[in-house]
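The values are calculated or read from the model by the stated rules, or taken from the named source; none is laboratory data. Here the structure is a predicted model, which means the values were calculated and not measured. When we count neighbours, we look across all protein chains shown, and the Cβ atoms used for this are built from the backbone with ideal geometry, even at glycine.
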């Protein structure tokens with residue numbers, strides 16, 4: 001229960017409580033501090049209850065249902081045509097010899113396409129300091145993505161393409177993958193095959209189910 005509350009309600013409550021409290025304190029009124037505090041608590045509770053419940057349904061019902069439908073639409077059909085194969089919640093393919101994992105996700109309720117590229121962690125021995133150095137050394141900008149940076153940890157580099165109504169195009173997904181692959185090549189980080197019997201530990205987008213489809 002505590003994990004459930006923390007995931008869906010706590011962050012929203014805390015954010016709205018602080019915002020509502022500041023608003024009440026900055027607004028000229030004859031209310032006492034205790035009354036302002038009570039108003040902020042009630043406001044934050046009401047908003048977090050609504051927002052958290054919507055996020056819960058997005059996370060457990062609407063999101064998975066949407067993901068299943070999206071596999072029958074572009075850009076996922078284009079990825080199938082390019083040789084990607086469905087492994088439950090994700091599509092797995094190869095781009096320039098590197099394993100690329102693509103999936104629909106919804107971080108904090110926002111629709112997104114997560115793109116992860118795997119590399120050989122056993123041979124790289126990356127430390128946190130080196131990962132930070134790589135990210136600083138290879139900051140890159142892709143068309144339409146402004147200054148968003150990729151995420152990285154030992155064994156995987158990832159990018160999240162968020163969107164509102166129009167899904168990112170196939171060409172955009174491949175362009176992002178190729179950009180991250182270029183970083184790996186420049187750093188001498190070698191490709192590795194995906195372990196088909198083990199759920200990958202991705203850096204962008206959560207995967208609840210991984211395995212052979214059908």
Q. In the stretch 164-185, is there at least one residue being modelled with pLDDT under 85 and either more than 18 Å from residue 84 (Cα to Cα) or surrounded by 12 or more Cβ atoms within 10 Å (Cβ to Cβ) (or both)?
A. yes
Q: Restricting attention to helices (runs of 4 or more DSSP H) lying wholly within the stretch 42-153, give those where 3 or more residues are modelled with pLDDT of 80 or more.
A: 76-81, 128-137
